[in-house]
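Undergrad: Have a look at this one.
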Amino acid sequence: MKICFLSGGTGTPKLIRGFRNHVDDENISVIVNTAEDMWIYGSHLSPDIDTVMYLFAGILNTDLWWGIKGDTTVTNDYLKDLGEDIYLTLGDRDRAVNIARGRMLNEGYSLTKSTEILSKKLGVKAKVLPMTDSEVTTYIKSEEGLIHFQEFWVRHKGKVKIEEVVRDYSGASATTEALDSIKNADAVILGPSNPVTSISPILECAGIREALVNKFVIAVSPFIGDAPISGPAKELMEAWGLAPDSAATSALYKEFTDVFVQDIRDEIPVEKSRRFDTLMLNEEISRELAGSLIEIIREKK
């Protein structure tokens, strides 16, 4: 069974962790949001790609769901001592990955090729695929002006009032590798990542929606009631003029979704949804949820 995921940096990787108990890594592909990427501190940060890559490499810090477990911050701390404006903490090994990726991008490698090379060096057998090789950025418009999503979420800890979510696309298209991973999959899963800043950037890449229409698609809600399981999804959905709940998420994905999944505790009704425990507090819950979704995929055959 071949599974393709559309993923951000937290909710979906938790689900992928569960799937790895049922499906070999070689049969998993992950199309990853890159709209939170940025050049910072002289290197290239691609947080969602790295979270997924580190998960498959067995080095992800699953206490935080970002960074490398056991990493040190010697370089980060010394940069602060030198008076640099450091608002985003990078571990030393994590920074090394960013430096290597930045070097490859500056030498003309695509983000897809750079990710392939890094994945191979880290022993990753799954396909970790950027959604596009074009530059895409999510900005938050606030009273302070237009700020990068990383500044909103990390520097300001998500406490800046959101006036608008702005995406700078420059006509981005999905990569051939991403579209092929959808085409070759037995099922595509939109994980419980933020609909506005994690999943929608992928869907907005030319070719993705059309590819999904022809596949069996399961979408998992990141909401329980009117609250997200984690992150700023509530405020971001409201900034989009949408209710922060499963019903609004289902409507966003209805064009191509065959099965919509919401949590057993969710009081928001969604017609014909399937309900499971989606609050993946540990690997066992992730494993059980993955098993339930696999059964749904087998049912459709």
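The values are calculated or read from the model by the stated rules, or taken from the named source; none is laboratory data. Quick caveat: nothing in here was measured; it's all calculated off a predicted structure. Virtual Cβ from ideal backbone geometry, glycine too; neighbours counted across all protein chains shown. When the accessible area is computed, the model is the full protein with side chains, heavy atoms only, and any ligands, DNA or RNA have been set aside. Shrake-Rupley method; radii C 1.70, N 1.55, O 1.52, S 1.80 Å.
Undergrad: Using 27 Å as the Cα-Cα cut-off, could you pick out the over-long pairs in LYS69/LYS300; LYS125/LYS157; LYS2/LYS254; LYS125/LYS183; LYS127/LYS272?
TA: The answer is LYS69/LYS300; LYS125/LYS157; LYS127/LYS272.
Undergrad: Between Rg and the Kirkwood Rh of the chain, both from Cα atoms, what is the Rg to Rh ratio?
TA: Taking Rg over the Kirkwood Rh, I get 0.94.
Undergrad: Quick one: net charge of GLU26's neighbours, Cβ under 10 Å, K/R +1, D/E -1?
TA: +1
Undergrad: Another question about this same structure. Given a 1.4 angstrom probe, I'd like the percentage of the accessible area of the stretch 225-301 that is carbon and sulfur, rounded to a whole number.
TA: 48 percent
Undergrad: Could you order LEU179, LEU15 by accessible surface area, starting with the largest, using a probe radius of 1.4 Å?
TA: Correct descending sequence by accessible area is LEU179, LEU15.
Undergrad: Shape call for the stretch 182-279 from the C-alpha gyration tensor, a ≥ b ≥ c root eigenvalues: rounded (a/c under 1.5), prolate (a/b greater than b/c) or oblate?
TA: Numbers: a/c = 1.98, a/b = 1.32, b/c = 1.50.
Since a/c reaches 1.5 but b/c is at least a/b, the shape of the stretch 182-279 is classed as oblate.
Undergrad: Oh, and also: For the stretch 32-138, what is the convex hull volume of the alpha-carbon atoms per residue, in Å³? All intermediate terms of the calculation are to be shown ahead of the outcome.
TA: On the way: hull volume 10.7 nm³, N = 107.
Taking the convex hull of the Cα positions in the stretch 32-138, it is 100 Å³ per residue.
Undergrad: Follow-up. On the full set of protein chains, 1.4 Å probe, figure out the accessible area of ASP37 and give it in Å² to the nearest 10.
TA: Approximately 20 Å² for this residue.
Undergrad: Quick one: how many Å² of GLU299 are accessible to a 1.4 Å probe, rounded to 10?
TA: Spelled out: GLU299, probe radius 1.4 Å, area about 120 Å².
Undergrad: State the percentage of accessible surface on the stretch 19-131 attributable to carbon and sulfur atoms; use a 1.4 Å probe and exclude ligands, DNA and RNA. Before the final figure, lay out each step's value.
TA: Details: 2500 of 5130 Å².
Carbon and sulfur: 49 percent of the exposed surface of the stretch 19-131.
Undergrad: Hey, another quick one. Cα centroid distance between the stretch 104-147 and the stretch 149-185, in Å?
TA: 11 Å
Undergrad: If you don't mind, another one. Using label points projected 7 Å from each Cα along Cα→Cβ, tell me how many nm separate VAL166 and LYS300, to one decimal.
TA: Inter-label distance under the simple model: 3.8 nm.
Undergrad: With charges only on Cβ, +1 for K and R and -1 for D and E, what is the dipole size of the chain about its Cα centre, in debye, rounded to 20?
TA: 780 debye
Undergrad: Helix 111-121 versus the longest principal axis of the chain: what is the Cα-based angle in degrees, 0 to 90, to the nearest 10?
TA: 90 degrees
Undergrad: Convex hull volume of the Cα atoms in the stretch 26-95, per residue, in Å³?
TA: Expressed per residue, the convex hull around the Cα atoms of the stretch 26-95 is 94 Å³.
Undergrad: Also, I was wondering about something else. Once R0 is set to 30 Å, what does the formula 1/(1 + (r/R0)^6) return for the Cβ-Cβ distance between ILE285 and LEU88, expressed as a FRET efficiency to the nearest 0.05?
TA: In this case the efficiency is close to 0.50.
Undergrad: Enter the Cα centre distance for the pair the stretch 35-51 and the stretch 199-260, rounded to the nearest angstrom.
TA: When both Cα centres are located, 23 Å separates them.
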